[in-house]
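The values are calculated or read from the model by the stated rules, or taken from the named source; none is laboratory data. Here the structure is a predicted model, which means the values were calculated and not measured. Glycine also receives a Cβ, built like all others from the backbone with ideal geometry; neighbour counts cover every protein chain displayed.
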Amino acid sequence: MTELPRHSVSVAGVVTDDQGRVLVIQRRDNGAWQLPGGVLELTETVEDGMCREVLEETGLIVRPVRLTGVYKNMKLGVVALVFLAEAVAGEPTPTDESAAVDWWTPEQVRDRMAEAFAVRILDALKTGLVPAIGQNDGVTLL
């Protein structure tokens, strides 16, 4: 019997401050600047997974506000669910999973982040209530 293809689900949180900047992390494994997020565990809800990942990567406790986008990395088969999130407690700080944390303006996101990840933030900052849907190859949009 042929094995069926498998997908992985990841979750990420777009957290903003009162100046309209977005919380980003520099990953320890590859040095890339991205949203805090990661793989959803089998036993957790989507929202709980997003909150856990943001906490693990930034030390910040958040709550989900709304789903802002669904994105698929066509090369890896990873489906990412991105949420606008609100900070509830804590101060952002580097962790075992993030070498650095910073607050970036939308312009910095556009200029400094790979397109496949920047679009997730820029879509979340739009005021529409319908989640965006997109595909990428891990770096650029398809």
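Six or more apart or on different chains, Cβ under 9 Å: which pairs go from a residue in the stretch 116-133 that's touching a residue at least 40 places away in the same chain (Cβ under 8 Å) to one that's part of a loop (DSSP other than H, G, I, E, B) and polar (S, T, N, Q)? Could you list them? Taking only residues 6 or more apart or on different chains, the pairs are 116/140. The residues listed here are 82, 62; of these, the one that is touching a Cys at 6+ places or on another chain (Cβ under 6 Å) and under 18 Å from residue 10 (Cα atoms) is 62. Restricting the search to the stretch 33-64, which residues are assigned to a strand (DSSP E or B) and either at pLDDT below 95 or buried (at least 17 other Cβ atoms within 10 Å of the Cβ) (or both)? Scanning the stretch 33-64 gives 33, 34, 37, 38, 62, 64. Among the residues here, residue 101 does not qualify as under 13 Å from the mean Cα position of the chain (by Cα) and touching a residue at least 24 places away in the same chain (Cβ under 8 Å).
Each residue in the stretch 11-32 was checked for being touching a helix residue (DSSP H, G or I) at 6+ places or on another chain (Cβ under 9 Å) and either surrounded by fewer than 19 Cβ atoms within 10 Å (Cβ to Cβ) or farther than 19 Å from residue 118 by Cβ (or both), and 4 pass.
The set of residues in the stretch 119-142 that are small (Gly, Ala, Ser) and farther than 14 Å from residue 16 by Cα comprises 128, 132, 134, 138. Selection of the stretch 26-85 for residues being touching a residue at least 60 places away in the same chain (Cβ under 8 Å) and of a type in the set (S, T, N, Q) yields 26, 34, 68, 73.
Of all positions in the stretch 73-86, none carries a residue that is basic (Lys, Arg) and at pLDDT 95 or above. Here the strands (runs of 3 or more DSSP E) wholly within the stretch 71-142 that include at least 2 residues being closer than 23 Å to residue 7 by Cβ are 78-89, 132-136.
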